[in-house]
Structure formats: structure tokens, C-alpha cells
Amino acid sequence: MAIPKQRIRLSEPVTRENLPKSFEPQGFEQQLYSFWKESGCFDAADENAQGQRAFSIVIPPPNVTGVLHMGHALTNTIQDILTRWHRMMGDNTLWLPGTDHAGIATQAQVEKQIAKEGKGPTGRPLTRHDLGREKFLERTWAWKEEHATHIQNQLRRLGSSLDWKRERFTMDEGFSSAVREVFVQLYNDKLIYRGERIINWCTRCQTALSDLEVVPTDRKGFLWHIQYAVVNDDGSPVVDPATGAPAKLTIATTRPETLLGDTAVAVHPADERYTAFHGKKAKLPLLGRLVPVITDEYVAMDFGTGALKVTPAHDFNDYDLGKKHDLPFVQVMGKDGKIGAAGGPFSGMKFSEARESMLQQLKESGELVKTEDHQNKVGLCQRCDQVAEPIISKQWFVKIQPLADPAIAAVREGKITFSPKMHEKVYFEWMENIRDWCISRQLWWGHQIPAWHCSSCQGITVARQAPSRCHECSARASALKQDEDVLDTWFSSGLWPFGTLGWPANTRALDTFYPTSILETGSDILFFWVARMIMMGLHFMDEVPFKKVYLHAMVRDEKGEKMSKSKGNVIDPLVLIDKHGADPLRFTLAAMAGQGRDIKLAEDRVEGYRAFCNKIWNAVKFFHLQWEEAQGGPIKEPDGGAEKWLLARKGELAPANAWILSRLQEMTTRVDKGFSNFELNESAQAIYEFAWGELCDWFIEFSKLPLRQGGEARMETLITLHYALEKLLTVAHPIMPFVTEELWQTLPWKRPANTPARNQKGELPVETLMFQSWPRPEAKFRNTEAEQTFGAMKGLIEAIRNFRGENNISPKVEFAVKYTATNRAVEQFVRSIENDVKALA
RNA sequence: UGGCUCGUAGCUCAGUGGGAGAGCACUACCUUGACACGGUAGGGGUCCCCGGUUCAAUCCCGGGCGAGCCAACCA
């Protein structure tokens with residue numbers, strides 16, 4: 001592009017000859033990233049320097065399933081802004097990178113890939129079973145390597161100042177040992193147990209799912225009314241007292257096929273329609289099996305017929321009823337999605353086939369008395385959109401209540417704060433009604449459960465390493481077989497804040513950076529991830545994993561729809577970065593990162609902020625032109641720096657200079673406040689308004705006179721301009737790291753960095769904007785008088801211009817002089833530039 | 001069913017108890033020495049609707065309508 005490749009980077013000041021005409025991000029972004037990274041600018045120290053604070057964020061590890069989307073761009077932009085800001089404030093700053101193995105999601109991707117590759121022995125597409133566990137895992141690791149690299153590149157293109165030396169993966173060796181440690185400890189604490197309970201089962205993924213992994217979805221369905229005969233214990237018909245005929249009881253169901261597993265019919269105890277049937281039996285149609293009629297207040301009298309068929313093995317509510325009334329659990333559906341032996345004549349059929357067949361027969365026998373339309377919810381597998389079936393299965397669970405209680409308390413006591421605040425309420429609601437967490441998955445990709453089953457005593461040995469003996473019966477290792485299941489992917493990511501810092505070893509990094517300062521992530525994984533990190537962190541570290549939780553809104557497309565591959569409305573951040581540069585994208589995301597609202601990304605906003613980058617670019621170019629050309633050679637930097645020089649003359653500065661310095665101060669304060677309050681849009685707006693609306697539109701226009709005039713006035717204006725630009729670049733750097741660094745490097749009077757960047761050897765400070773000290777929001781240059789004067793000036797000029805219909809810049813100034821108003825402040829100001837204008841004439 | 005968020009210009013969005021705003025799009029003029037990724041001027045809005053509090057409401061309160069999200073045991 002515009003910059004020759006051989007240009008010497010970052011050692012020799014750029015002059016206007018090699019400063020490109022306009023903002024061309026492709027020419028410098030990647031070079032700058034390499035420069036920062038290789039100079040060790042991103043690296044945190046294990047221990048704080050004297051008087052230094054630590055600031056740490058762990059990245060929400062992206063799934064290695066594929067590429068980063070706009071939501072990742074948003075979260076990583078926000079995190080990078082906070083990270084860079086703290087680094088400039090002199091903190092020992094760590095932003096720790098890594099990726100998540102994403103069990104089921106990744107496995108599904110690799111399976112899809114395999115299926116495309118050919119047919120197995122039965123003529124069906126290849127499955128993981130054709131490869132075998134070992135081969136399949138090899139394939140998945142290869143996939144992981146490939147995609148992790150891609151994700152790293154995307155994060156780099158975005159400018160993320162991550163400490164890559166500390167990069168982690170949820171299945172790397174150290175992390176795996178942390179996972180085993182946690183499992184063993186929880187098991188020993190009796191907080192992990194294995195039990196046969198009702199769980200969600202995906203018949204396609206062939207695995208158990210947690211409650212969270214099932215997405216309730218509206219489906220159009222029917223409510224079928226089916227008649228059961230009411231009989232006595234011996235099977236003889238009960239006579240309906242009302243009609244004198246054999247009594248019938250009609251139930252309403254959306255899933256008639258589960259009738260095969262019914263073990264009761266429930267009615268409300270106060271429902272007078274059914275009082276006569278209490279304690280009797282109902283005869284299941286088609287099967288003829290007798291089940292008790294029970295009463296429970298759970299039953300809603302006004303829904304359906306007020307009579308509820310109870311299938312404890314295939315419905316969560318019925319399961320609870322079954323437990324309460326000690327009913328048998330008849331499992332009719334197998335993990336393969338077909339009716340099992342208990343289904344009698346229907347065994348071997350798929351659910352849907354069984355339903356059709358049963359309805360047909362019930363219709364013929366007259367037992368199906370009514371069919372109504374009904375909107376109901378079905379749970380779909382989060383990964384594959386298949387209906388998740390509740391079945392009873394032996395799985396591993398975390399007993400969650402003892403972990404949830406301290407996690408609730410920590411937020412109540414303010415040890416962790418949520419932003420926006422409203423999420424706290426949502427958090428409490430969920431945590432207070434939490435169910436035990438099913439953590440075993442019948443997958444291959446993941447942390448295999450560190451439990452060994454003994455073939456000799458059937459006992460279970462849970463251990464950190466493969467045991468040499470059964471802990472129950474001392475059988476030899478040959479009798480032991482490791483549990484084949486793996487852990488829910490969120491089990492391991494729950495350990496992320498301390499697992500990544502070296503736990504269970506007691507590392508210095510852990511001392512320095514735990515608890516982390518901030519967790520920034522999407523509100524959609526509040527329960528999946530945030531809540532579990534809080535529980536795990538408190539249990540294993542005795543301390544919260546982070547002090548603040550920032551939850552950003554979801555990124556949607558222009559129409560407000562969730563971006564998803566299937567809808568084809570995904571905007572790849574890399575495409576936008578290639579087109580417009582990383583800084584415009586980052587600025588856009590920051591400007592739209594207001595709280596509590598979904599973000600609809602429109603590309604024209606990015607284009608607008610690209611123009612903004614160009615504007616700043618040209619403001620700096622303007623400075624270079626003036627600085628070089630105006631006096632035939634560089635002016636020397638004032639002793640002690642521009643700031644000191646300007647402060648010393650604070651009272652006598654030309655009004656335009658005093659004004660822009662005052663505005664600069666105001667802007668700096670606003671930016672700082674925005675970052676502090678997590679209102680990044682405020683910071684972005686302050687920068688935008690100052691740079692374009694004040695510095696470029698007014699100050700630079702006015703500076704042209706004194707700059708052309710020469711002498712003291714030019715000197716003062718040039719120093720002011722340099723100072724304002726340098727400070728602007730500094731405060732804008734967290735949001736727009738690339739363009740600000742690139743331009744800052746060209747400034748002639750760079751101040752030495754306050755914190756030397758470390759290279760790999762811990763030496764060689766490099767000159768970079770990344771370590772410029774963050775301007776403290778002090779009122780050094782606040783100047784109310786100058787603001788008023790200039791404000792009146794602007795108003796006057798605008799009024800004159802309107803009156804005369806003039807629109808050029810120099811008349812702007814001339815009119816101001818000619819039409820001097822009576823306002824004394826304006827008079828004073830105008831007099832100060834009157835001479836300049838005369839000199840020009 | 002409950003909870004939450006939102007409703008501001010054609011589009012995407014800021015914002016505030018007293019003047020209605022930005023970007024993009026649109027109209028006219030301007031290639032002036034930083035920038036046409038620019039400049040100047042301009043058109044365009046019942047700030048969802050109805051009540052209330054207030055000297056004053058787009059903003060605060062109540063109700064409604066609409067959009068979306070989250071959590072749910074009504075089969």
C-alpha cells in the first residue's frame with residue numbers, strides 16, 4: 001500500500017514525505033501488532049512492581065469450533081479497551097488468552113466433517129464409531145489446532161493486547177489436572193454423585209444434556225383427549241354414580257405415546273368431578289395395564305380435563321410426582337429414540353411412528369374422544385435442534401445447593417457487582433431455584449471422568465491418576481475400567497479464572513492476579529458460565545473469581561435478528577477489518593456498547609468512523625506541514641515539555657489556544673469517566689466531538705492565521721496543536737490503538753514512556769504510545785473565560801455568516817473582526833487576532 | 001404466566017426535568033494550502049398512545065399498545 005515495506009519502523013520519525021495522504025489501515029495495523037507483541041508490550045509480570053496495582057481479565061475462551069463472530073469482536077474490543085486503559089494507568093496488567101474445547105459443539109463439527117468423507121460399512125455416512133475413540137480424538141485435536149490458530153489471528157487483527165505467553169486451552173495438560181483435582185475434591189466432599197435420575201437426552205447427539213442445554217421452543221401441536229376406563233383393584237368396572245354406566249376418565253395429553261409408560265392418573269383432590277374415583281384404578285387403553293388414580297394439588301383443574309396422565313420416566317413434572325407418590329418408573333423409550341420392550345406391541349417403533357399408530361387405534365376403539373389444537377413447548381437440543389427427550393438414566397451430578405448458597409451470598413454482600421445491575425436479579429432468581437447439575441456427557445471429546453469401575457466388586461474409584469488398585473476391594477488395575485463419559489464442557493470452563501493461573505499449584509501469578517478484576521462477557525452465558533465460575537471459585541479459592549461482572553448485550557444484524565449461520569446474516573469481523581480497518585470497527589462497537597440494549601450493527605456506522613480516523617490522520621498531517629514548512633526547520637521542543645511550557649503561560653495564552661486546551665481537558669475528563677463507569681460510548685462520543693467538532697472544525701481553522709504569521713504566535717499555536725494532538729491520541733488509544741500509535745510515532749516531541757515496555761529479556765524500553773501515562777482528569781487547563789469567549793465568538797461568526805451567506809473559512813475570521821460585537825469578552829478575543837489579519841493583508 | 005429491556009429523523013442509534021441531537025441517506029453550493037473518507041448551508045421528528053406529578057415532561061410515576069430477551073411444572 002502507501003507505505004513502502006522497507007520503511008524503518010518505530011525508530012526514525014516519520015516525515016510528511018512518507019506519511020500517507022490518507023488513513024490506510026492496511027498499511028500498518030499488522031506491523032504494529034507484531035511490534036507490540038515482539039517487544040513484550042502485552043506481557044504482564046508475575047509480581048507487581050513496588051506501588052503497582054494488578055489488573056487482570058481472563059478472556060471468555062472462544063469455542064474452538066470455528067471462527068469468531070461479531071459478538072466476539074464486541075467482547076474483545078471492550079476487554080482490550082479496559083486492558084489498554086489500565087496499562088496506561090501504570091497497572092501490572094494481564095489479559096489472559098485461551099480457547100475452550102467446547103465438547104459437544106466441537107464433536108458435532110468433526111462428526112459432520114467425517115460424515116462428508118464417505119460411507120461406512122452399512123452404507124451410511126461415516127460416524128465416529130467407524131473411526132474408534134482414539135482415531136476420532138486425533139482428528140479432533142487436529143481440528144482444534146487448525147481453528148485455534150485461526151482464532152488467534154482474528155484476535156490479533158482486532159488488536160487484542162493479550163499476553164500470549166500465558167495462553168491456555170481447557171484441555172491442555174495443566175488445565176486437565178485442575179479439572180481432575182476439582183472432580184476428586186468435589187467427589188470426596190460428597191458434592192459429586194452418580195445416580196439414576198431423569199435427564200434430558202438428545203437422541204441424535206446420543207448424550208445427556210443439562211437443563212441449560214435444552215431450549216424450550218414453541219411448537220404447534222394438539223391436545224388429545226383419551227378415555228381410560230376406571231376399575232376396581234380386581235379389574236371390575238366402577239359404575240359412574242352419575243350415569244350408572246361404567247365409569248370413564250378422560251385425560252388430556254400432548255404426547256399420547258408416553259401413555260405406554262403411564263404409572264398413574266392424577267386429579268386434584270378438590271375436583272368434585274373425580275371424587276368418586278379416588279383410590280380406584282385406571283385401565284390404560286391399548287395395554288390394559290392398571291394404574292392408580294392419585295390425587296395431587298399440582299394438577300390444574302381448569303386445564304384440559306383436569307385429569308393428568310403420569311409418566312414418571314419421561315417427564316420432569318411427572319418424575320417429581322412419581323417420586324412423591326412412590327410410583328413405578330416405566331422406561332418405554334430407549335436412548336436410540338425407539339420404543340423399548342415395555343412398549344408392548346409398539347416396541348421397535350420410533351416415537352413418531354408409535355404416536356401415529358396409537359392414535360389410529362385409539363380412534364378406532366373410540367377412546368380418542370377429542371382432538372384440539374394446542375400450542376405447546378418442546379425442549380430442543382441446543383446444538384442440533386432435535387427434540388430432547390426426558391429419560392431416566394444413570395449420570396454424574398453435582399449437588400449444587402451447597403455451592404450455590406455462598407455464590408448467592410457473595411453477590412448479596414457486594415463482593416461481586418453486576419453491571420448492568422438488573423442482571424443481579426436474574427442471577428438470584430436462577431440460583432435460588434437451581435437443580436442439581438448433570439455433568440456427564442456420552443461424548444468422546446472432553447475431559448474423561450476420572451472414575452474407574454471395578455469389574456470385581458462393581459465399586460467406583462475416583463482418583464487423580466489411574467489407580468493401581470480398586471479402592472473398594474483392592475482388585476488389581478486390570479479389573480478397573482475408566483468411566484467412558486466425559487464432563488460437560490462448562491464444568492471445566494467454570495475453573496477458568498484460577499485454572500489458567502496455575503491452580504492447583506500455588507503460583508505467583510495466582511497470588512498476583514486472583515481474584516481477577518473484571519469479567520466481561522455476553523449476558524447469554526450468565527448461568528452457563530458466570531454463575532458456575534462464582535461457585536467454583538468460592539469453593540476452591542475461598543475467594544470470588546472476579547470483583548465486577550460486565551455483561552454486554554447481544555450483537556444482532558440491522559433488522560435486530562440474532563446472527564446465526566443458518567440465517568446467513570453473520571457479519572465476519574475480519575471482513576469489516578479488511579475493508580475499513582480494525583480501529584473503525586472498534587470505535588463503532590465502543591460507541592454502541594451502551595448498556596441494556598441489543599446492538600444492531602450497521603456497516604455504515606463503521607464507514608462513518610473510518611472517515612473519523614481519516615480526519616484525525618489529516619489533523620496530524622496538518623501539524624507536520626506546519627511544523628516543517630513554516631520556519632524552514634523544526635522548532636525545538638520547549639524545555640521540560642510542552643505541557644510545562646503551556647502551563648507556565650496559562651494566563652496569557654491566545655484565546656483560541658486557551659480555549660482548545662480547556663476543551664481538551666474537558667474531553668479527557670469525559671473519556672476517563674466513561675471508562676471508569678463502563679460507559680464506553682460516552683468516551684467514544686467525547687473523543688469524536690472534541691476531535692472533529694472542536695479541534696478540526698474550529699481550532700485548526702483558527703490556527704492558520706497565527707501559523708502563517710510566524711513568530712511567537714506561531715510558536716505558541718504549534719506547541720498547543722502538538723500538545724492537543726498528542727493528548728488526543730493518548731486518550732483515544734484504548735479504543736483505536738492502531739491509528740493512534742501510528743500517528744503518535746510520527747510526532748516529533750514524544751515524551752518518554754512512563755512504564756518501559758518489557759521485551760522478552762525484561763529490558764530495552766521501546767517507544768510506544770501503549771505505555772504513555774494516562775492523563776489524570778485534573779483541571780489544569782480549565783479556562784472558563786476562554787470557553788465563554790470562544791463560545792461567543794463561534795456564535796457571532798455563525799450569525800454573521802448566516803447573515804451574509806458566506807461559507808469560506810477566511811471570511812469567517814475577517815467578519816469576526818469587522819463586526820466586532822459589544823460583548824467585551826468577544827472584543828478582547830477579536831482584538832487578539834485583529835493584528836494577525838492585518839499582517840496577512 | 002412472571003420478570004426485564006426497549007419504542008427519539010428514511011435507516012442505525014446517542015441524549016437530557018427547561019434549546020430535540022449524531023452518523024449514514026437526501027437537497028444545494030464549494031475542488032480554498034490537513035482532509036471530497038472533506039467543507040458550508042439545508043430539508044426531514046406528535047421523542048409510541050392516554051392519564052398523573054411539576055411553573056415546566058421526550059425524560060419522573062401509573063395504565064395501555066407494540067418489539068425483543070430471560071425464566072418458568074399447566075400435561
- Query: What is the Cα centroid distance between the range A:368-433 and the range A:468-485, reported in whole angstrom?
  - Reply: 35
- Task: Would you mind checking A:LYS248/A:LYS363; A:LYS220/A:LYS377; A:LYS621/A:LYS650; A:LYS21/A:LYS621; A:LYS704/A:LYS727; A:LYS165/A:LYS750 for any pair whose Cα atoms are more than 18 angstrom apart?
- Result: A:LYS621/A:LYS650; A:LYS704/A:LYS727; A:LYS165/A:LYS750
- Give the accessible surface of the range A:86-141 per residue, rounded to a whole number of Å², with probe radius 1.4 Å and ligands, DNA and RNA excluded. 45
- Query: Tell me, in nm to one decimal, what length is gained between A:ASN681 and A:LYS421 on full extension, where the rule is 0.36 nm per residue of separation less the Cα-Cα distance?
  - Reply: 91.8 nm
- Item | Hz values of 3J(HN,Hα) by residue in the range A:469-477 - Karplus curve (6.51, -1.76, 1.60), Gly and Pro given as x | 9, 5, 5, 8, 10, 6, 4, 5, 4
- A:LEU94 long-range amide H proximity, modeled H, under 5 Å: A:PHE55, A:SER56, A:ILE57
- Per residue of the range A:443-455, in order, report the coupling 6.51 cos²θ - 1.76 cosθ + 1.60 (Karplus, θ = phi - 60°) as ³J(HN,Hα) in whole Hz, putting x for Gly and Pro. 10, 10, 8, x, 7, 5, 5, x, 10, 10, 9, 9, 6
- For the range A:328-470, what is the accessible area per residue in Å², given a 1.4 Å probe and the full set of protein chains? 49
- Looking at A:GLY693, A:PRO256, A:GLY651, which one has the Cα that reaches farthest to the positive end of the dipole of chain A (charges on Cβ: Lys, Arg +1; Asp, Glu -1)? A:GLY693
- Extension gain A:LYS190-A:ALA49, at 0.36 nm per residue separation less the Cα-Cα distance, in nm? 46.6 nm
- Mind pulling the angle between the C-alpha long axis of helix A:809-818 and the longest principal axis of chain A? Nearest 10 degrees, somewhere in 0 to 90. 60
- Message: Rounding to the nearest 10 and keeping the result within 0 to 90°, find how far the Cα-based axis of helix A:316-325 lies from the longest principal axis of chain A.
- Response: 50
- Note on the structure: Residue-normalised 222 nm signal for chain A, counting each DSSP H run of n ≥ 4 as -39,500 (n - 2.57), nearest 500 deg cm²/dmol, is -12500 deg cm²/dmol
- Message: If I fit a long axis through the Cα atoms of helix A:103-117 and take the longest principal axis of the Cα atoms of chain A, what angle between them do I get, 0 to 90°, rounded to 10?
- Response: 80
- Long-range HN-HN contacts of A:GLY221 with modeled amide H, under 5 Å: A:HIS374, A:GLN375, A:ASN376
- Find, among the chymotrypsin sites (Phe, Trp or Tyr not before Pro) in the range A:454-525, those assigned to loop by DSSP (not H, G, I, E, B) with at most 15 other beta-carbon atoms within 10 angstrom. none
- Electrostatic dipole magnitude of chain A [Cβ: Lys, Arg +1; Asp, Glu -1; Cα centre; debye, to 20]: 860
- Query: Semi-axes, largest first, in whole Å: what does sqrt of 5 times each Cα gyration tensor eigenvalue give for chain A?
  - Reply: 68, 32, 23
- Backbone HN-Hα couplings from phi across the range A:27-41 [Karplus 6.51/-1.76/1.60, Hz, Gly and Pro as x]: x, 9, 4, 6, 4, 5, 4, 4, 4, 4, 5, 6, 7, x, 5
- How many Å² of accessible area per residue for the range A:185-291, probe 1.4 Å? 43
- Message: Counting only protein heavy atoms and a 1.4 Å probe, tell me what percentage of the range A:21-117's accessible area is made up of carbon and sulfur.
- Response: 45
- Of every hundred units of 1.4 Å-probe accessible area on the range A:144-231, the number belonging to carbon and sulfur atoms, as a percent, is 46
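The values are calculated or read from the model by the stated rules, or taken from the named source; none is laboratory data. These figures come from a predicted structure and were not determined experimentally. We place every Cβ from the backbone using ideal geometry, glycine too, and count neighbours over all the protein chains shown. The area values use the complete protein model at the heavy-atom level, side chains included, leaving out ligands, DNA and RNA. Shrake-Rupley method; radii C 1.70, N 1.55, O 1.52, S 1.80 Å.
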